[in-house]
Structure formats: C-alpha cells, structure tokens
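Before any comments, here is the structure.
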C-alpha cells in the first residue's frame with residue numbers, strides 16, 4: 001500500500017542587500033551598478049526599487065545617501081507604495097504627470113452640428 005503525503009510549498013522571498021558595486025540586474029539599467037546610478041543622478045530609480053520591489057535593500061551608507069532615514073525605512077522583504085509616495089512628498093521630489101490622455105483630445109475636438117456633418121458627407 002502506498003501512503004499519500006500532502007506537501008506544502010512555502011516560498012521564502014530572497015533579499016538582495018545591494019552594495020555600491022552591485023549590478024542592478026533588473027529594468028532599464030540592469031547592467032549599471034548602484035554607484036553608477038548615483039553618479040548618473042538616477043537616485044529616484046534606486047528609491048523606487050527600494051519601496052516597490054520586495055527583494056531589494058541597500059547597505060546603510062547607500063540608504064543614508066538616498067536620504068531614506070529611519071522614519072522612512074520599511075521592513076524587508078516587503079514593498080510599500082504608500083511609504084514611497086510619503087517619502088517623495090516630504091522630501092521635495094516631483095513626479096512627472098502622465099498627461100491627460102484621451103481627455104486632452106476630447107477637449108480639442110470641435111462639436112459639429114447635424115447640418116455641418118451632412119454637408120461634409122455630401123462634399124460641401
């Protein structure tokens with residue numbers, strides 16, 4: 001007789017504590033090191049990764065340079081977008097607005113009357 005066992009799969013998230021020499025390994029700048037990102041003034045990308053990606057953490061000196069003080073630190077491994085936006089607002093970062101999209105086009109469209117549309121259809 002065979003016995004059946006039920007196995008529970010537990011996923012343990014891996015945590016990458018990144019140093020200045022660590023390559024990003026993800027996104028648009030995956031070949032860049034943390035120090036290169038700082039030199040390129042791409043600190044917002046580093047801050048975003050810290051708050052939005054569960055597995056990314058930085059050494060203490062990098063967190064200090066990014067101005068992520070104790071009050072803005074989050075427990076890792078985890079992500080916290082609310083804390084990310086709080087950090088940005090309280091530290092003077094401005095996020096680019098994505099535009100108005102379809103609403104912008106809608107405002108520019110001129111409304112035609114029925115007779116104008118009929119005239120356009122009939123080639124007048």
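The values are calculated or read from the model by the stated rules, or taken from the named source; none is laboratory data. Quick caveat, the model's predicted, so the values are computed rather than measured. Neighbour counts run over all protein chains shown; Cβ positions are idealised from the backbone, glycine included.
Couple of notes before you dig in:
- Residues of the stretch 40-49 satisfying the condition of being free of Cβ contacts under 8 Å to residues at least 40 places away in the same chain and either surrounded by 15 or more Cβ atoms within 10 Å (Cβ to Cβ) or assigned to a helix (DSSP H, G or I) (or both): 42, 43, 45, 46, 48, 49
- The one condition in (1) touching a helix residue (DSSP H, G or I) at 6+ places or on another chain (Cβ under 6 Å); (2) loosely packed, with under 13 Cβ neighbours inside 10 Å that residue 37 fails to fulfil: (2)
- Taken over the stretch 55-83, residues that are surrounded by 15 or more Cβ atoms within 10 Å (Cβ to Cβ) and more than 18 Å from the chain's Cα centre (by Cα) amount to 2.
- Of all residues in the stretch 23-33 being surrounded by 12 or more Cβ atoms within 10 Å (Cβ to Cβ) and farther than 20 Å from residue 78 by Cα, the one that is nearest to the chain's Cα centre (by Cα): 29
- Condition check for residue 47: closer than 17 Å to residue 90 by Cβ and modelled with pLDDT of 95 or more: yes
- Among (1) more than 16 Å from the chain's Cα centre (by Cα); (2) exposed (fewer than 14 other Cβ atoms within 10 Å of the Cβ); (3) under 20 Å from residue 82 (Cα atoms), the one test that residue 52 misses: (1)
- Flag for residue 117 being exposed (fewer than 15 other Cβ atoms within 10 Å of the Cβ), modelled with pLDDT under 95 and either within 17 Å of residue 16 (Cα to Cα) or under 20 Å from the mean Cα position of the chain (by Cα) (or both): no
- In this entry, residue 86 is excluded by the filter for residues that are at positive phi and either surrounded by 10 or more Cβ atoms within 10 Å (Cβ to Cβ) or at pLDDT 85 or above (or both).
- Taken over the stretch 38-49, the criterion of being within 14 Å of residue 82 (Cα to Cα) and more than 8 Å from the chain's Cα centre (by Cα) is satisfied by 47 alone.
- Of all residues making up the stretch 62-79, the number that are within 14 Å of residue 19 (Cα to Cα), assigned to a helix (DSSP H, G or I) and either without any contact (Cβ under 8 Å) to a residue 24 or more places away in the chain or in contact with a strand residue (DSSP E or B) (Cβ under 8 Å, 6 or more places away or on another chain) (or both): 3
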